[in-house]
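Student: One structure, pasted below without further comment.
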Amino acid sequence: MSKLWQKNIDSAPCVERYTVGADRKMDLYLARADVLGSLAHTRMLASVGLMSQDDLELVQRGLKEIYRRIESGDFEIAEGVEDVHSQIEFMLTETVGEAGKKIHSGRSRNDQVLVDLKLFLRERVRQTVLSVERLFNKLQELSRQHRDVLMPGYTHLQIAMPSSFGLWFGAYAESLADDLEMLLAAYRVCDKNPLGSAAGYGSSFPLDRTMTTRLLGFETLNYNVVYAQMGRGKCERIVAQAMSSVAATLSRLAFDNCLFLSQNFGFISYPADLTTGSSIMPHKKNPDVWEIMRGKCNLLQALPGQIVSLTTNLPLGYNRDLQLLKEVLFPAMESLTESIDMALFMLSHIEVRRGITDNPMYDYMFSVEVVNNEVLSGVPFREAYRKVGLDIEAGKFSPSRTLHHTHEGSIGNLCTDEITARFNEVLARFDFDRAVKAEAELVR
Ligand code: ARG
């Protein structure tokens with residue numbers, strides 16, 4: 001088997017199989033980023049005199065060709081090739097000859113996989129943010145549209161006080177605005193260049209790390225080479241924490257949907273083709289989409305814990321355990337964006353029932369309103385509370401259905417614009433442009 005590091009002795013096949021594991025599959029996620037890293041690294045090598053102009057031209061052309069193959073889906077990591085870094089270097093050497101063997105100067109696969117991860121995670125966080133933004137906008141649109149449609153509010157799952165669909169949708173929008181703060185923190189941690197840390201202790205070549213930082217569109221670098229290597233696992237954990245925050249929002253939204261769709265509530269409905277049937281009960285319209293979403297998002301909330309378990313008490317420097325982070329994180333990232341997009345799809349078809357609270361079963365929901373009316377006419381709160389309580393017990397209570405909620409964030413004053421402004425303020429702090437432009441320039 002061909003290895004970048006092969007000298008004389010092959011590893012036993014079972015050792016090879018066990019250590020490579022799922023890495024060949026996971027590394028496909030990193031292929032695009034790996035080429036970007038090499039495009040920047042080789043330009044830097046040439047600028048500090050470690051690669052000739054002729055070699056640079058050859059490897060740049062070869063790498064861009066590989067990039068196009070990756071983009072068009074025509075790329076795989078061959079049986080017997082250890083990882084994406086080896087595959088790309090072998091392919092390059094095949095097409096451009098000796099020059100291909102020069103791209104690894106001043107670099108180790110340790111900082112290569114680090115920079116790949118940063119680029120990959122940075123892009124995936126960007127995709128997640130775009131999905132979150134679409135979902136946020138949909139929730140706000142629904143909140144506005146149904147601002148006057150009342151629904152019961154619950155505490156202890158007991159009927160409590162009047163709520164509205166405007167308030168319900170708006171709550172999830174505002175929750176996403178806070179999740180976006182977490183994604184911003186994660187994006188900024190991803191947006192730092194570890195390239196040049198080599199095996200974790202730098203290089204005696206005069207590498208220009210500021211140059212690769214600029215070429216790759218990173219905001220800044222992970223300066224300390226030991227810390228750059230310590231970032232493996234830490235960056236993943238922070239991304240996972242942000243993802244888990246979004247997942248928690250989605251999971252609750254999913255549960256509400258299951259509950260409100262139940263016939264005993266019947267607050268919302270979906271077109272039949274968005275629900276699923278039962279093999280035995282002909283009447284069923286089950287909320288399977290929301291149940292799968294609840295399950296997936298609950299699993300996603302375990303992600304930071306898994307990463308912590310994998311990285312706790314590792315000795316300083318690179319350890320092969322770190323490779324397993326990819327298997328935990330990469331499929332989870334797909335699962336999250338898939339769920340966000342699915343929530344958007346479902347909500348685009350939600351039907352909201354009007355007049356729910358006219359049903360006398362919800363009369364007591366207005367008890368606080370009656371108490372408050374008494375208070376406004378001069379009765380002390382505690383007395384009014386007691387009087388209404390006794391009326392309820394004596395079966396003499398009559399609800400007042402005119403509501404007077406005016407304060408910020410209440411059913412009568414949703415502050416939709418204020419919440420959108422908060423969301424947009426955080427959104428504006430992601431510097432996606434720098435990354436997108438730099439990557440486009442590298443492959444041009
Ligand atoms: N597949 C490895 C990983 O993901 C590549 C990094 C360097 N490998 C090594 N044996 N030093 O961690």
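The values are calculated or read from the model by the stated rules, or taken from the named source; none is laboratory data. What you are looking at is a predicted structure, and each value in this text was computed from that prediction instead of being measured. Note that each Cβ is placed from the backbone with ideal geometry, even for glycine, and that neighbours are counted across all protein chains shown.
Student: In the list Asp23, Asp10, which residue meets the criterion of being within 13 Å of the ligand (Cβ to nearest atom) and acidic (Asp, Glu)?
Tutor: Numbers: Asp10 fails: within 13 Å of the ligand (Cβ to nearest atom).
The match here is Asp23.
Student: Given the conditions (1) among the aliphatic types (A, V, I, L, M); (2) in contact with a Gly (Cβ under 7 Å, 6 or more places away or on another chain); (3) more than 15 Å from Pro162 (Cβ to Cβ); (4) not in a helix (DSSP H, G or I), and given that Leu403 satisfies all but one, which numbered condition is not satisfied?
Tutor: In the conditions (1) among the aliphatic types (A, V, I, L, M); (2) in contact with a Gly (Cβ under 7 Å, 6 or more places away or on another chain); (3) more than 15 Å from Pro162 (Cβ to Cβ); (4) not in a helix (DSSP H, G or I), Leu403 misses (3) alone.
Student: Condition first: within 17 Å of Gly231 (Cβ to Cβ) and either away from the ligand (no atom under 16 Å from the Cβ) or not hydrophobic (A, V, I, L, M, F, W, C) (or both). Can you find one or more residues in segment 324-346 that meet it? If you could, list the steps in order and put the result at the bottom.
Tutor: So the first thing to find is which residues in segment 324-346 are within 17 Å of Gly231 (Cβ to Cβ), and the list is 324-326, 328-329.
This time we only want the ones that are either away from the ligand (no atom under 16 Å from the Cβ) or not hydrophobic (A, V, I, L, M, F, W, C) (or both), so: 326.
Yes, segment 324-346 contains a residue that is within 17 Å of Gly231 (Cβ to Cβ) and either away from the ligand (no atom under 16 Å from the Cβ) or not hydrophobic (A, V, I, L, M, F, W, C) (or both).
Student: Within segment 78-127, take every residue that is basic (Lys, Arg) and farther than 16 Å from Pro194 by Cα and give me the one that is surrounded by the most Cβ atoms within 10 Å (Cβ to Cβ).
Tutor: Here is the first cut: in segment 78-127, the residues basic (Lys, Arg) are 101-102, 107, 109, 118, 122, 124, 126.
Imposing the further condition that a residue be farther than 16 Å from Pro194 by Cα reduces the set to 101-102, 124, 126.
Working: Lys101: 16, Lys102: 19, Arg124: 21, Arg126: 17.
In this case the residue turns out to be Arg124.
Student: A further question follows. In the list Leu390, Leu344, Leu376, which residue meets the criterion of being among the aliphatic types (A, V, I, L, M) and buried (at least 17 other Cβ atoms within 10 Å of the Cβ)? Let's see the steps before the verdict.
Tutor: On the way: Leu390 fails: buried (at least 17 other Cβ atoms within 10 Å of the Cβ); Leu376 fails: buried (at least 17 other Cβ atoms within 10 Å of the Cβ).
So the residue among Leu390, Leu344, Leu376 that is among the aliphatic types (A, V, I, L, M) and buried (at least 17 other Cβ atoms within 10 Å of the Cβ) is Leu344.
Student: Continuing with the same structure: Tell me, which residue of segment 303-328 that is touching a helix residue (DSSP H, G or I) at 6+ places or on another chain (Cβ under 8 Å) and surrounded by fewer than 15 Cβ atoms within 10 Å (Cβ to Cβ) is nearest to Glu82 (Cα to Cα)?
Tutor: The residue in question is Arg320.
Student: Hey, can you tell me all the residues within segment 55-73 that are surrounded by fewer than 21 Cβ atoms within 10 Å (Cβ to Cβ), in contact (Cβ under 8 Å) with a residue 24 or more places away in the chain and among the acidic types (Asp, Glu)?
Tutor: Glu65, Glu71
Student: Pairs needed: first member in segment 107-130, on the phi > 0 side of the Ramachandran plot and within 11 Å of the ligand (Cβ to nearest atom); second member anywhere, in a helix (DSSP H, G or I) and of a type in the set (Lys, Arg); C-beta distance under 8 Å; at least 6 residues apart or different chains.
Tutor: none
Student: Here is a follow-up. Based on what the data block shows, is Ser38 away from the ligand (no atom under 15 Å from the Cβ), small (Gly, Ala, Ser) and either surrounded by 13 or more Cβ atoms within 10 Å (Cβ to Cβ) or more than 17 Å from Arg320 (Cα to Cα) (or both)? It would help to see each step written out before you state the result.
Tutor: Details: away from the ligand (no atom under 15 Å from the Cβ): no; small (Gly, Ala, Ser): yes; either surrounded by 13 or more Cβ atoms within 10 Å (Cβ to Cβ) or more than 17 Å from Arg320 (Cα to Cα) (or both): yes.
So Ser38 fails the test.
Student: Now for a different question. Would a scan of segment 409-430 turn up a residue that is assigned to a helix (DSSP H, G or I), under 30 Å from Arg43 (Cα atoms) and in contact (Cβ under 8 Å) with a residue 60 or more places away in the chain? Let's see the steps before the verdict.
Tutor: First pass over segment 409-430, keeping only residues assigned to a helix (DSSP H, G or I): 416-427.
Going one step further and asking which of them are under 30 Å from Arg43 (Cα atoms), we end up with none.
No, there is no match, as no residue in segment 409-430 is assigned to a helix (DSSP H, G or I), under 30 Å from Arg43 (Cα atoms) and in contact (Cβ under 8 Å) with a residue 60 or more places away in the chain.
Student: I'd like the full set of residues that are buried (at least 16 other Cβ atoms within 10 Å of the Cβ), in contact with an Asp or Glu (Cβ under 9 Å, 6 or more places away or on another chain) and of a type in the set (Val, Ile, Thr), limited to segment 199-249.
Tutor: Matches in segment 199-249: Thr213, Val225, Val246, Thr249.
Student: Exactly one condition in (1) surrounded by 20 or more Cβ atoms within 10 Å (Cβ to Cβ); (2) under 21 Å from Gly231 (Cβ atoms); (3) of a type in the set (A, V, I, L, M, F, W, C); (4) away from the ligand (no atom under 16 Å from the Cβ) is not met by Met182; state its number.
Tutor: (1)
Student: Which residues, counting only those in segment 238-274, are closer than 30 Å to Gly200 by Cβ and either among the hydrophobic types (A, V, I, L, M, F, W, C) or within 16 Å of the ligand (Cβ to nearest atom) (or both)?
Tutor: As a first pass, look at segment 238-274 and keep what is closer than 30 Å to Gly200 by Cβ: 238-244.
If the condition is that a residue be closer than 30 Å to Gly200 by Cβ and either among the hydrophobic types (A, V, I, L, M, F, W, C) or within 16 Å of the ligand (Cβ to nearest atom) (or both), then Ile238, Val239, Ala240, Ala242, Met243 are the ones that fit.
Student: Please verify whether segment 157-166 includes one or more residues that are at pLDDT 95 or above, part of a helix (DSSP H, G or I) and either surrounded by 20 or more Cβ atoms within 10 Å (Cβ to Cβ) or in contact with a Leu (Cβ under 9 Å, 6 or more places away or on another chain) (or both).
Tutor: yes
Student: Report whether or not Glu82 is in contact (Cβ under 8 Å) with a residue 12 or more places away in the chain and in contact with an Asp or Glu (Cβ under 9 Å, 6 or more places away or on another chain).
Tutor: Working: in contact (Cβ under 8 Å) with a residue 12 or more places away in the chain: yes; in contact with an Asp or Glu (Cβ under 9 Å, 6 or more places away or on another chain): yes.
Here the answer is yes, as Glu82 does meet what is asked.
Student: Still on this model: Does Ala199 qualify as being aliphatic (A, V, I, L, M), more than 21 Å from Arg422 (Cβ to Cβ), within 16 Å of the ligand (Cβ to nearest atom) and part of a helix (DSSP H, G or I)? Lay out the reasoning, then the answer.
Tutor: On the way: aliphatic (A, V, I, L, M): yes; more than 21 Å from Arg422 (Cβ to Cβ): yes; within 16 Å of the ligand (Cβ to nearest atom): yes; part of a helix (DSSP H, G or I): no.
Judged against the criteria, Ala199 is not a match.
Student: I would also like to ask the following. For segment 1-73, give me every one of the helices (runs of 4 or more DSSP H) that falls completely inside it and has 1 or more residues that are of a type outside the set (Val, Ile, Thr) and within 26 Å of the chain's Cα centre (by Cα).
Tutor: On the way: elements: 13-20, 23-27, 31-47, 53-71.
Qualifying helices (runs of 4 or more DSSP H): 23-27, 31-47, 53-71.
Student: Which residue pairs have Cβ atoms closer than 7 Å, lie 6 or more positions apart in sequence or on different chains, and pair a first residue in segment 249-277 that is closer than 16 Å to Arg294 by Cα with a second residue that is of a type in the set (Gly, Ala, Ser) and buried (at least 18 other Cβ atoms within 10 Å of the Cβ)?
Tutor: That search, which allows pairs on different chains as well, returns Thr249/Ser175; Leu250/Ser339; Leu250/Ala343; Leu253/Ala343.
Student: Something else now. Going by the conditions given, is Glu383 modelled with pLDDT under 95, touching a His at 6+ places or on another chain (Cβ under 8 Å) and either among the basic types (Lys, Arg) or surrounded by 12 or more Cβ atoms within 10 Å (Cβ to Cβ) (or both)?
Tutor: So Glu383 does not fit the description; no.
Student: If you go through segment 319-336 one residue at a time, do you hit one that is free of Cβ contacts under 8 Å to residues at least 60 places away in the same chain and either in contact with a Phe, Trp or Tyr (Cβ under 7 Å, 6 or more places away or on another chain) or on the phi > 0 side of the Ramachandran plot (or both)?
Tutor: no
Student: Shifting gears a bit: Go through segment 378-419 and count every residue that is closer than 30 Å to Glu141 by Cα and out of contact with any Ser or Thr (no Cβ under 7 Å at 6 or more places or on another chain).
Tutor: 15
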